[in-house]
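These notes concern the structure reproduced below.
Computed from the coordinates by the stated procedures, all read-outs in this text should not be read as laboratory data. Please read all numbers here as calculations on a predicted model, not as lab measurements. Every residue, glycine among them, receives a Cβ derived from its backbone with ideal geometry; neighbour counts consider all protein chains shown.
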Amino acid sequence: MADARPVVWVSQPLIDAVIEPLRAQVELITTDAVTAWTQEQLAERLRGVDGAIITLNERIGAAQLAGADRLQVIANVGVGYNNLDVDALSAAGVLASNTPDVLTETTADLGFALLMAAARRITESERWLRDGQWGQWSFQTMLGADIHGSTLGILGMGRIGQGIARRGAHGFGMRVLYHNRSRLPAATEAEVGAQYAELDALLAQSDHLVLVLPYTAASHHLINASALAKMKPTATLVNIARGGIVDELALADALAHGRLAAAGLDVYEGEPQVRPELLALRNVVLTPHIGSASLGTRKAMVQLAVDNLLAALGVAGEAPRMPSAINADAALAARAASGDESKKR
Ligand code: GLV
């Protein structure tokens, strides 16, 4: 007899201890090795499945959904979801979810680690030491910028931005400025220890600027040559959001010519490719998109994706009580309008 359970595809090896128990409830198709799926392969994989758990590396749009008649849910393992065309998913009646909250503190930790490593020249110092250059030491070797008592700027003041503000204000005695689409309530500003600033003031006054805003058409290359020119030449820039927010060639040029002191980058416009102009610089700390990469947090992210998926499939109770849905209203409205009962288990 045919298996009547929903079919679920998992696009990459994730955390087995969280994924494997799904076999009790769904027909599970896993991926054994890390795979760079082509757009065509993604469309092929989504055909005939009811749900998918995917990572930020898989881009899902109308072309991938075209033949996915049974698809009810895409559970994205990651808080950012610029890899999803949410309008196309909604129009197809496909629920989508992300993994906010569980990664907030871990990602704020990494943002602060990059800030400190860039400002205090940690990785550059280590390379110098390993290269056997300590014999060339002078009193002025590896002079960096102070973190305590300096001005921390945060662009994008969601949950992760607020976590970074708390660390700066309460841990390091920093003056914290932020800019965001909407201003935080006064009580939240007081609690995280941050003051609102216009974008130009934020750029001009920050000794260390951390980017934590979502990547959208409006934020594409927001930090370009003209924005960088407004920053202090002694400043540090940290990007833990998305690579496309920064014009990387303009950044490399500013770093190479002393118009910006240092940078810490966890995200890149063409990742996993990193521009040679950045790789050639000594004053940039480069990490491979590891913002949420602690074991505990990665487990929690996969668990949240599983919870979203099961709720959307109606396996774990009434659909769709998803803990972190992105488009529930729009997707369900599209289902109702098309009278597509097949997506309501
Ligand atoms: C990581 O970049 C995420 O969005 O979770």
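Tell me, what is the percent relative contact order of the chain, built from C-alpha pairs under 8 Å that lie six or more residues apart?
On the way: 672 pairs, mean separation 64.8, N = 345.
Across the chain, relative contact order equals 19 percent.
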Quiz prompt | Relative packing of 195-201, 330-336, which averages over residues the other C-beta atoms within 10 Å, highest first | solution = 330-336, 195-201
Exercise. In a Gaussian network model over the chain where Cα atoms closer than 10 Å are linked, find which of R59, R23, R321 has the largest mean-square fluctuation.
Key: R23
Exercise. Could you tell me how many degrees, from 0 to 90 and to the nearest 10, lie between the Cα long axis of helix 295-313 and the main elongation axis, the longest principal axis, of the Cα atoms of the chain?
Key: 30
Quiz prompt | Exposure proxy ranking, count of Cβ atoms within 10 Å, fewest first, for I223, I160 | solution = I223, I160
Quiz item: Among A241, V267, L209, whose Cα sits farthest toward the positive end of the charge dipole of the range 104-286 (+1 at Cβ of Lys/Arg, -1 at Cβ of Asp/Glu, about the Cα centre)?
Solution: L209
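Relative contact order of the range 104-286, please, whole-number percent, based on alpha carbon pairs below 8 angstrom and at least 6 residues apart. Please report the intermediate quantities before stating the final value.
Numbers: 341 pairs, mean separation 39.7, N = 183.
It comes to 22 percent, rounded to a whole number.
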Self-check item: Ranking of H208, H179 by count of other Cβ atoms within 10 Å, fewest first
Solution: H179, H208
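Please arrange L209, L265 by counting, for each residue, the other beta carbons lying within 10 Å of its beta carbon, fewest first.
On the way: L209 28, L265 25.
Ranking L209, L265 by Cβ neighbours within 10 Å, fewest first, gives L265, L209.
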Practice problem: Among DSSP beta bridges whose residues both lie in the chain, state the antiparallel percentage, nearest 5. | Solution: 0
Quiz prompt | Full-extension gain in nm, I290 to H170, via 0.36 nm per residue minus C-alpha separation | solution = 40.7 nm
Self-check item: Computed [θ] at 222 nm, deg cm²/dmol, the chain (DSSP H ≥ 4; -39,500 (n - 2.57); rounded to nearest 500)
Solution: -9500 deg cm²/dmol
Quiz item: If Lys and Arg each add +1 and Asp and Glu each add -1, what is the summed charge of the other residues whose beta carbon sits under 14 Å from the beta carbon of V267?
Solution: -3
